[in-house]
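For reference, the structure is listed below as structure tokens.
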Amino acid sequence: MQDKLVALVTGANQGIGLQIAKDLVAHGLTVLVGSRSLERGEAAARTIDGDARALQLDVTDKASIAAAAERIRKELGRLDVLINNAAISNTRLRPGETIEEYAKSTLPSNVSLDEVRAVWETNVFGVLAVYQAMLPLLREAPVARIVNVSSGVGSLTRNSDPAFPYRSIFGPVYPASKTALNAMTLAMAIELESTGIKVNAACPGFTKTNLNNYTGTQTVEEGAREPVRLALIGPDGPTGTFSNKDGPLPW
Ligand code: NAP
């Protein structure tokens, strides 16, 4: 078993996940750059100055998840930090279609159930599957941390307020998948309360990435800040919380 802390970041071949991987390496961790394409993962890992290793991991593929857990156990013998970052916002945004147009065609009354299932498969069930596969390793770590990368657009409290600016795009696909992820976060935190493993949800904020066609207003450095902070909290740190870089968010 190696001495250095080991972190796994899912969907780390681009965007906020890649920046989280860079930041954790800069903090001295060995980072596994999860990527559904091994080649893209290897290319991303090469851009990181330090101990970053590509790991093939498709969060919707049972065999891929099991093989990743086995490889971590065999090659590193430990896992201290799990960042569930991988997500998709849709499967079928047409070229030129705006988020508002997509939202209108994905209301509860007209959304394709296949679209809901596909997005939830990655954003919700994928997280749960990776959690289950990695938990035996995390339980063996002296101080383990789990961060689920969520979004403020999934907050039921905020969306209940008519003044919330993103309320008009709250729908069953991406926003509700993040609501469900928040529920999973709390369930995981409650399950692990007595173990010292801390589980928190972090919202990166509206960040310029492929997920939103680079329309975000923040840099990936800003987006990575809260997930990285929560990955590195000490024994007195919180569990079962939802926050962004400015502080707590309502569930
Ligand atoms: P991104 O640049 O599109 O990155 C998403 C990553 O997830 C990519 O590496 C993608 O891999 C990966 N991924 C998708 N499906 C996967 C699967 N089945 N298995 C493994 N990896 C998969 O988006 P991002 O903005 O950095 O998003 C990172 C996280 O931040 C997400 O959880 C997102 O919901 C959250 N978030 C983002 C914003 C924002 O404004 N950007 C705001 C709030 C929350 P490929 O390269 O293979 O597609």
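Any read-out appearing in this document is the output of simple, stated calculations on the displayed coordinates, not a laboratory observation. Owing to the predicted nature of the structure, the values given are computational and were not obtained by experimental measurement. Here Cβ is always computed from backbone atoms with ideal geometry, including for glycine, and neighbour counts include all displayed protein chains.
For helix 15-26, what angle does its Cα long axis make with the longest principal axis of the chain, in degrees from 0 to 90 and rounded to 10?
Taking the Cα atoms of the chain, the angle to 15-26 is about 30 degrees.
How much net charge surrounds Val147 when only the other residues with a Cβ under 11 Å from the Cβ of Val147 are counted, with Lys and Arg +1 and Asp and Glu -1?
Spelling it out: positives minus negatives among the neighbours equals +2.
Taking the Cα centroid of segment 18-74 and of segment 184-227, what is the distance between the two, rounded to the nearest whole Å?
Spelled out, the Cα-based centre of one part sits 17 Å from the other.
Under a Cβ-Cβ cut-off of 9 Å, what is the net charge of the residues other than Ala7 that fall near it, where Lys and Arg count +1 and Asp and Glu count -1?
Around Ala7, the charge tally is 0.
Setting aside same-chain residues fewer than 8 positions from Lys74, which lysines have a Cα under 25 Å from its Cα?
Lys4, Lys22, Lys62, Lys198
Quick check for me: using +1 on Lys/Arg Cβ and -1 on Asp/Glu Cβ, what's the dipole size of the chain about its Cα centre, in debye to the nearest 20?
Computed about the Cα centre, the dipole is about 100 debye.
Order these peptides, 110-117, 2-9, 228-235, 31-38, by their mean beta-carbon neighbour count within 10 angstrom, highest first.
Per-residue Cβ counts within 10 Å, averaged per peptide and sorted highest first, yield 31-38, 2-9, 228-235, 110-117.
Nearest 500 deg cm²/dmol is fine: what mean residue ellipticity at 222 nm does the chain get from its DSSP H runs of n ≥ 4 alone, each adding -39,500 (n - 2.57), divided by its residue count?
Taking each H run of at least 4 residues, the total per residue is -12000 deg cm²/dmol.
Determine the percent antiparallel among the DSSP beta bridges restricted to the chain, to the nearest 5.
10
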